[in-house]
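In what follows, a single structure is set out as structure tokens and then discussed.
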Amino acid sequence: MKSLNMVVTSTDELEAAATVSSDYDRKSELKAFDDSKAGVQGLIENGITKVPRMFYCVQSPNDLSDVVGLTSSADSNSKLSIPTVDLTGIHDGDHVLRDEVVGRVRHACEKWGIFQVTNHGIPTHVLDEMIQGTCRFHQQDAKVRKEYYTRDFSRKVAYFSNPFLYNEPSAIWSDTLSCVCAPHPPKAEELPPVCREVVIEYSKEVMALASDLLELLSEALGINRFHLKEMGCAEGMSLLCHYYPPCPEPELTLGTFKHSDSSFMTILLQHQIGGLQVLHDNQWIDVPPMKGVLIVNIGALLQLVSNDKFIGVEHRVLANHIGPRISVACSFRSRTPEGMSKVIGPIKELVSEESPPIYKETSIKEFLTHRTANSIEASSLQPFKL
Ligand code: OGA
Ligand code: NI
């Protein structure tokens, strides 16, 4: 029986998927897809009933071992779930309560690299409207969507599918509208009308939450409460409105490859349909959506500056027969040329004789160059190890 939690389940399927026959012109398929400017949703609108070959998620021995290996939650009987941190009262000046919250954040970041937050202060109606706005954007007439489609990721507002389309061995089953909201937000009229208001409102709310979280994360690291903020960890924010259309053959592809985020921190809102999994102790653990809850995950950059005190968690999204699945990821890191050229490395207060630096100094720019060159799947911190 096929399980939704496995990507490819039998050797036959693997062989079928891996065979590259001479009549298959991958480049043309990619180009036609890109030229359509309508994303995966465009394929659904055209009534496809099979996953096109360019999406088959079988590329390298690494992937094969991952795909058929024991890292699926389907094999693990695991009832584990990511930690939850209730943020009630963090502004009340109650030191005992705050220390408890900081302790929970520390445990979550050291052991998991991800946690969910409740009572985070963003009203439920704003969360709901952000999901609705994302849905409206991706479901509006393809002619209107196309106007925003680009591979120029320096644009403040960009609609795209598969950011690494031509570099990855396989495409993924999702589309994204990205809006760079900080430090210099786009003009209101540059934002798509169907989600303009909520993008502005949600980004304000999420920036305030990020500020609270960075203080808690600094305290959890045992450094000055404002340290991470002063480093510029939340100076830049990109809001990624993801759309995962229903997939006719979810076992053949993925919604998003296994990766760790190229941010200090990501705040994720996911709606109704599950599919997000995190790699924890070599097992894929499901992160089921819960109403009103936000997910905080530590990115690779915070792992680097925390000198491995915190984990930049690896995660992926499975494709699903049911859909669309919608999520909104807010990714925090510098985005200005100055911020991106600044030297970053393990925070001085976190290194000592007993705990020497694990990573060399680098910059966000250099970090991103490495990552793009090696595709999103590469273990992004390896080249920066001392
Ligand atoms: C991301 C990401 C997960 C999701 O944007 O980096 O991992 O649930 N998103 O969409
Ligand atoms: Ni991610």
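The values are calculated or read from the model by the stated rules, or taken from the named source; none is laboratory data. Here the structure is a predicted model, which is why all the values come from computation and not from measurement. Cβ coordinates were reconstructed from backbone atoms using ideal geometry, including for glycine residues, and neighbour counts include every protein chain displayed. These accessible areas exclude ligands, DNA and RNA; they are computed on the full protein's heavy atoms, side chains included. Shrake-Rupley method; radii C 1.70, N 1.55, O 1.52, S 1.80 Å.
Just a few scattered comments:
- Only one of the numbered conditions (1) within 27 Å of residue 290 (Cβ to Cβ); (2) exposed (fewer than 15 other Cβ atoms within 10 Å of the Cβ); (3) modelled with pLDDT of 95 or more is not met by residue 95, and that is (1).
- When the residues of the range 214-241 are filtered to those that are in a strand (DSSP E or B) and closer than 28 Å to residue 382 by Cα, the one that is nearest to ligand 2 (Cβ to nearest atom) is 240.
- The one condition in (1) more than 16 Å from ligand 2 (Cβ to nearest atom); (2) out of contact with any helix residue (DSSP H, G or I) (no Cβ under 9 Å at 6 or more places or on another chain); (3) modelled with pLDDT under 95 that residue 256 fails to fulfil: (1)
- Total residues in the range 110-137, condition acidic (Asp, Glu) and within 20 Å of residue 313 (Cα to Cα): 1
- Spans of strands (runs of 3 or more DSSP E) in the range 100-194 with at least 2 residues of a type in the set (Ser, Thr, Tyr): 157-161, 175-182
- Test: residue 372 is open to solvent by 20 Å² or more (accessible area, probe 1.4 Å) and either modelled with pLDDT under 95 or touching a strand residue (DSSP E or B) at 6+ places or on another chain (Cβ under 8 Å) (or both): yes
- Restricting attention to the range 293-302 and to residues that are touching a residue at least 40 places away in the same chain (Cβ under 8 Å) and under 15 Å from residue 115 (Cβ atoms), the residue that is nearest to ligand 2 (Cβ to nearest atom) turns out to be 297.
- Taking the criterion of being closer than 30 Å to residue 47 by Cβ and open to solvent by less than 20 Å² (accessible area, probe 1.4 Å), the residues of the range 229-243 that qualify are 241, 243.
- Scanning the range 139-170 for residues that are under 17 Å from the mean Cα position of the chain (by Cα) and hydroxyl-bearing (Ser, Thr, Tyr) turns up 159, 161.
- If the condition is being among the hydroxyl-bearing types (Ser, Thr, Tyr) and open to solvent by 10 Å² or more (accessible area, probe 1.4 Å), then the range 151-173 contributes 154, 166.
- Taking (1) of a type in the set (A, V, I, L, M, F, W, C); (2) under 19 Å from residue 177 (Cβ atoms); (3) open to solvent by 30 Å² or more (accessible area, probe 1.4 Å) in turn, residue 290 satisfies each apart from (2).
- Qualifying residues in the range 259-270 (those that are near ligand 2 (Cβ under 9 Å from one of its atoms) and part of a strand (DSSP E or B)) - the one farthest from residue 39 (Cα to Cα): 266
- Pair list, Cβ < 7 Å and 6+ apart or interchain, from the range 29-52 residues that are open to solvent by 80 Å² or more (accessible area, probe 1.4 Å) to residues that are in a helix (DSSP H, G or I): 37/146; 45/142
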